[in-house]
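FYI, it's all coordinate maths here, none of it is from the lab. None of the values given here were measured: they were computed from a predicted structure. Quick reminder, even Gly has a Cβ in these numbers, built from the backbone with ideal geometry, and neighbours come from all protein chains shown.
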Amino acid sequence: MTDLLYILYPWVKSLHIMAVMSWMAGLFYLPRLFVYHVEQAGSVDGASAIFETMEHKLLRFIMAPAMIVAWVCGLLMVFTPGIVDWTMFWPWAKTAGVIGMTWFHHWLGYRRKDFVAGRNSLTGRQYRLMNEVPTLLMVVIVISVIVKF
């Protein structure tokens, strides 16, 4: 099994990077859709349903699969011997960042359900602020992996 993980490592890493890029794109875009949903949907008849469809498809068909692939590939790399040195700080920092990113993904999913149920209580400004969360987590993750402190 170890030999197979070594052979597949460059492919797994490539797939991981592509999945993370797709996931991050969604994590940046969905809160922005929520901003427009809050601020513009009431001014155009039927716009709320259009936003809900866009939000659902982004979360379900792009973000969720990308998150799953990123996690699976990340775990495969973690289980490849010699790749991660758990005595250092960086893998713990990256793990915390990834868990935070996953929490944020699910938080967005709950906010989407609030829109569908007509219970959204957040403003466009609040969604704009939350839109900074994936950026901060990305900084922690990328610096952790590249600098390996």
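Over all Cα pairs of the stretch 61-149, how is the pair count split among 5 Å bins, expressed in % and running from 0 up to the last occupied bin? Reading the bins upward from 0: 3, 12, 18, 22, 17, 12, 8, 5, 3, 1, 0.
Rounded to the nearest Hz, the phi-derived 3J(HN,Hα) couplings of the stretch 68-77 under the Karplus curve 6.51 cos²θ - 1.76 cosθ + 1.60 (θ = phi - 60°) are 5, 5, 4, 5, 4, 5, x, 5, 4, 5, where x marks glycine and proline. Using only Cα atoms, find the angle between the long axis of helix 133-147 and the longest principal axis of the chain, and express it within 0 to 90 degrees, rounded to the nearest 10. So the inclination is approximately 10 degrees. Dividing the Cα radius of gyration of the chain by its Kirkwood radius returns 1.07 for Rg/Rh. Taking trypsin sites (Lys or Arg not before Pro) across the stretch 52-130, the ones in a DSSP loop with at most 16 further Cβ atoms lying within 10 angstrom of their Cβ are ARG119.
With each label modelled as a point 7 angstrom along the Cα→C-beta vector, the ARG60-TRP107 pair spans 2.4 nm.
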